[in-house]
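Let me begin by presenting the structure, written as C-alpha cells, before commenting on it.
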Amino acid sequence: KDFTSDQEVRWCPGCGDYAVLKAVQGFLPDLGLRRENITFVSGIGCSSRFPYYLDTYGLHSIHGRAPAIATGLATARPDLSVWVVTGDGDALSIGGNHLIHALRRNVNMTILLFNNRIYGLTKGQYSPTSEAGKVTKSTPMGSVDHPFNPVSLALGAEATFVARTIDSDRKHLTAVLSAAAAHRGTSLVEIYQNCPIFNDGAFEALRGPEAAHRLVRLEPGLEVTVDEQTWAHDPGDVNPSRQFALSRMDDGTQTQVPIGVFRQVVRPTYDDQARAQVESDTVTRGPGDLQALIDGNDTWSTP
Ligand code: SF4
C-alpha cells in the first residue's frame, strides 16, 4: 500500500518539502505497518502540513508542541509508530523547550526537523537557524542573534539518534529517514530544506555533483578531522563529545558539512519505563482510585 492521501499538496512550486514527502511516501510501506498504527504529529509552519498528505493518522497540532503531544501518544500507545514533523522555527524557537526534553527523555518517536533557516509560512522572518547578519523582514539591519546548530543541540541533549540529510539527495534522504524510523527511542533528523520563496539557495553550495566534495558523508569508521584532531567516526560512542565536535565541522561557510548519522546508541526509552512502572504499581497495589484522590482534594499523594 502506498500512503499517498487524496489531499491537494499546497506547498509552493519547487519547495524542498516535496522531496521529503516523496521519500517518506516511498519507504513507509516497507515498515510493514497498517495505516492505523502510524501517526504523524506536526506543529505550525509550512512543513507542518505534512500529515494531510499521508493516508495515515495524524494531528496538525499547536505551535511547537508536537513533541509533547507525541510523547503522550507514544507512552499511551506502544502499538503506534509516532512521527513528529516540524520546522526550524516551530522546533527551536516556539517549541525549543519541548524538543530538548523529548530528546533527553528518549521517547520512542522519529522527529523530522525541516531546516530552511527562515519562517516561510509567515512570509520571511529570521528563525533560530538563520545565520548572523541575515537580512529579513524582521531583521532589516541584519540579525544579531547567534544561530542554533540543531545537530549540536540534539547531541548536547544526549539524544540517542541524531542525523542530518538534505532534500536534494533522495537516496541519502531515504536511507537516513529509514534508519531513523528503525531506531528505538527519539530519533532527530535535521533536513536541509530549500525555501525557494523566502530563503532560496540557503544550501546551494551543497547541491549537485560539483558540491560533492563539500559533503562529508558519515559512515562508521570514516576518518574525520576537526580542529587538527583526527579520529574514526563512531556513532555508537555513548560519550557524545566527538560527535559534538563533528557537528561543529562546518564553520558556517559550508566548506565541509557532515551529513549522515552522527549518533546512534541504545538507552531505555521513557515510554517503556513509564509503562513498566504503571504496570508494576497496578500489580502491587491494585488499580488506583482517582476519584478518591479528587474527593480528598489531593491528586499528588499516593493513596
Ligand atoms: Fe516551501 Fe517556502 Fe513556500 Fe513554505 S514558503 S511552502 S517553505 S517554498
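Numerical summary
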item	result
Whichever residue in segment 1-18 is more than 11 Å from the ligand (Cβ to nearest atom) and in contact with a helix residue (DSSP H, G or I) (Cβ under 7 Å, 6 or more places away or on another chain) and, among such residues, is farthest from Y192 (Cα to Cα)	K1
Residues of segment 76-94 satisfying the condition of being surrounded by fewer than 24 Cβ atoms within 10 Å (Cβ to Cβ) and among the charged types (D, E, K, R)	R77, D79
Some residue of segment 211-233 being surrounded by fewer than 15 Cβ atoms within 10 Å (Cβ to Cβ), over 26 Å from A157 (Cα atoms) and out of contact with any Ser or Thr (no Cβ under 6 Å at 6 or more places or on another chain)	yes
Qualifying residue in segment 76-88 (condition: in contact with an Asp or Glu (Cβ under 6 Å, 6 or more places away or on another chain) and of a type outside the set (S, T, Y))	no
Selection count where residues are in contact with a strand residue (DSSP E or B) (Cβ under 8 Å, 6 or more places away or on another chain) and within 13 Å of the ligand (Cβ to nearest atom), scope segment 101-120	6
Those residues of segment 206-225 which are hydrophobic (A, V, I, L, M, F, W, C) and at pLDDT 95 or above, in sequence order	L206, L215, V216, L218, L222, V224
Yes/no for T39 being hydroxyl-bearing (S, T, Y), more than 15 Å from the chain's Cα centre (by Cα) and not in a loop (DSSP other than H, G, I, E, B)	no
Neighbours by Cβ (under 7 Å, 6+ apart or cross-chain): first from segment 263-274, more than 28 Å from A232 (Cβ to Cβ) and at pLDDT 95 or above; second assigned to a loop (DSSP other than H, G, I, E, B) and not hydrophobic (A, V, I, L, M, F, W, C)	T269/N106; T269/N108; T269/R184; T269/G185; Y270/N106; D271/P78; D271/N108
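The values are calculated or read from the model by the stated rules, or taken from the named source; none is laboratory data. Everything numeric in this text was worked out from a predicted model, so none of it was measured. Quick reminder, even Gly has a Cβ in these numbers, built from the backbone with ideal geometry, and neighbours come from all protein chains shown.
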